[in-house]
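Chemist: Handing you this structure, nothing more for now.
Please treat every number below as a calculation from the coordinates, not as lab data. From a predicted model like this one, the values you see are computed outputs, not experimental measurements. Don't worry about glycine lacking a Cβ; one is built from the backbone with ideal geometry, like all the others, and counts go over all protein chains shown.
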Amino acid sequence: MADQADFNARYGRWAIVAGASEGLGAAYAAELAVHGLNLVLIARRDELLHSLAFELSRKYGVETRTFTLDLSAADAAEQIAQTTGALAIGLLVYNAAFSAIGPFLERSLDDHFREIHTNIHTPFKLIYLLGQRMLAQGYGGVVLMSSLSAFQGSAYISTYAATKAFNIVLAEGLWEEWREQGVDVLVCVSGAVKTPNYAASEPEQTGGLGDMTMAPDQVVREALDALGKQPYVIPGRMNRVASFVMRHLLPRKSAVKFKGGILRRMYVEHK
Ligand SMILES: NC(=O)c1ccc[n+]([C@@H]2O[C@H](COP(=O)([O-])OP(=O)(O)OC[C@H]3O[C@@H](n4cnc5c(N)ncnc54)[C@H](OP(=O)(O)O)[C@@H]3O)[C@@H](O)[C@H]2O)c1
């Protein structure tokens, strides 16, 4: 990551972490606090948010605000833009996501739309609203979380993977549009990460590929290191190798079948 003075010059004084109460989101908040950024922490679980905010203020002397909000709500982005209107927001990390795992038709339409709202609508509108402020102030950054499952169709998490593909393509386009106007955009295309949410999905290990799961703080460090240098990052050497094979060596049809086999073993056959 850039040194602190450079980081503050590029991303100002305040960062929003949307989906901050645990796991990767909490790790983003902690790493940004180390770099002296004040934080707006957003999630649904109030108590977790408050204790994280208290801990980060105490440890790093940063200011914190907490905002208890369901990011799948239709007006979530507007609420955030309004609540943070008086703060000079220089960085948006959109980390929250919803993944409805299982055969496509065994999940309700509501679940699929919750994925689309949480993973696409809200970050899209937030980027639109906060992007206007960032371009006007001439500095800023946006980090979106995506997944290796977005590089090809991914059976049993088809909608989730498609929402994450949207995030990759959006971030890359905006990186190119905004990079010369002082606003950095990055999408972090992550493999499996040891978060409470990942553990709660009860994967049958990694479907036979060995344990490639990463620690949240490792992923966050690689993401923030890449911010301002490139449009996307794949944290972890093994993940970069695996994604190279999947995208450039295997025919796409084989990649889709291979990924589907892994996900079937992880989430369907052992249930
Ligand atoms: N973990 C992995 O293996 C993995 C792999 C690839 C990509 N990713 C991506 O990394 C990101 C985070 O990973 P994770 O799922 O493991 O979670 P995490 O960062 O450990 O936790 C998700 C955070 O988002 C919040 N959140 C979720 N839905 C929300 C909603 N509707 N409204 C408000 N806050 C919400 C949760 O808080 P509350 O529950 O308190 O609201 C929590 O703080 C996601 O974008 C995911 O797609 C993860």
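Chemist: Treating cross-link reach as a plain straight distance, find the lysines whose alpha-carbon is under 20 Å from the alpha-carbon of Lys257, omitting any fewer than eight places away in the same chain.
Modeler: Lys164
Chemist: Mind computing the radius of gyration and Dmax over the alpha-carbon atoms of the chain? Å is fine for both.
Modeler: 18.0, 52
Chemist: Please list 3J(HN,Hα) in residue order for region 251-265, calculated via the Karplus relation 6.51 cos²θ - 1.76 cosθ + 1.60 where θ = phi - 60°; whole Hz, with x for glycine and proline.
Modeler: x, 4, 4, 5, 4, 5, 5, 4, 4, x, x, 4, 5, 4, 5
Chemist: Which listed residue (Trp178, Leu144, Ala165) has the Cα farthest towards the positive end of the charge dipole for region 142-220, taking +1 on Lys and Arg C-beta and -1 on Asp and Glu C-beta about the Cα centre?
Modeler: Going by the Cα projections, it comes out as Ala165.
Chemist: How long are the three semi-axes of the equivalent ellipsoid for region 1-130, computed from the Cα gyration tensor as the root of 5 times each eigenvalue, in whole Å, largest first? Don't skip to the end; give the middle numbers.
Modeler: On the way: eigenvalues 152, 49, 35 Å².
So the three semi-axes of region 1-130 are 28, 16, 13 Å.
Chemist: What distance in nm separates the simple spin-label points at Phe258 and Asp217, each placed 7 Å from Cα in the Cβ direction?
Modeler: Those two pseudo-labels are separated by 3.3 nm.
Chemist: Still on this model: Taking θ as phi - 60°, what are the ³J(HN,Hα) couplings along region 226-235 by the Karplus curve (6.51, -1.76, 1.60), each to the nearest whole Hz, with x for Gly and Pro?
Modeler: Running phi through 6.51 cos²θ - 1.76 cosθ + 1.60 with θ = phi - 60° gives 7, 4, x, 10, 7, x, 8, 9, 10, x Hz.
Chemist: Under 5 Å between amide hydrogens, which residues at least 5 positions from Asp184 or on another chain qualify, with H placed 1.01 Å from N in the peptide plane?
Modeler: Gly140, Gly141, Val142
Chemist: Here's a follow-up. For helix 23-34, what angle does its Cα long axis make with the longest principal axis of the chain, in degrees from 0 to 90 and rounded to 10?
Modeler: Helix 23-34 and the main axis of the chain meet at about 30 degrees.
Chemist: Could you work out the equivalent-ellipsoid semi-axes for region 128-263, taking the square root of 5 times each eigenvalue of the Cα gyration tensor, largest first, in whole Å?
Modeler: On the way: eigenvalues 164, 52, 37 Å².
Result for region 128-263: semi-axes of 29, 16, 14 Å.
Chemist: List every residue whose amide H lies under 5 Å from the amide H of Ser146, counting only residues 5 or more places away in sequence or on a different chain, with H placed 1.01 Å from N in the peptide plane.
Modeler: Those qualifying (amide H under 5 Å, at least 5 residues apart or on another chain) are Cys188, Val189, Ser190.
Chemist: Springs between alpha-carbon atoms under 10 Å, Gaussian network over the chain: tell me which of Ala226, Ala255, Ala199 tops the mean-square fluctuations.
Modeler: Comparing Ala226, Ala255, Ala199 in the GNM, the peak value goes to Ala199.
Chemist: Something else now. What residue among Phe67, Ala100, Ile116 has its Cα farthest toward the positive end of the dipole of region 60-125, where the charges are +1 on Lys, Arg and -1 on Asp, Glu, each on the Cβ?
Modeler: Phe67
Chemist: Can you give the FRET efficiency for Arg58 and His248, using 1/(1 + (r/R0)^6), R0 = 45 Å, r = Cβ-Cβ distance, to the nearest 0.05? Each step should come with its number before you reach the end.
Modeler: On the way: r = 47 Å, r/R0 = 1.05.
FRET efficiency, Arg58 to His248: 0.45.
Chemist: Which residues' amide hydrogens lie under 5 Å from the amide hydrogen of Arg13, considering only partners 5 or more residues apart or on another chain, with H built in the peptide plane?
Modeler: It is Gly90, by chain and number.
Chemist: Hey, another quick one. How tilted is helix 122-137 with respect to the longest principal axis of the chain? Cα atoms for both, answer in degrees (0 to 90, nearest 10).
Modeler: The angle comes out near 30 degrees.
Chemist: Cα centroids of region 134-172 and region 46-124: how far apart, whole angstrom?
Modeler: Cα centroid of region 134-172 versus Cα centroid of region 46-124: 15 Å apart.
Chemist: Rounded, prolate or oblate: pick one for region 38-99, where a ≥ b ≥ c are the square roots of the eigenvalues of its C-alpha gyration tensor, a/c under 1.5 means rounded, and failing that, prolate if a/b is larger than b/c, else oblate.
Modeler: Here region 38-99 falls in the oblate category.
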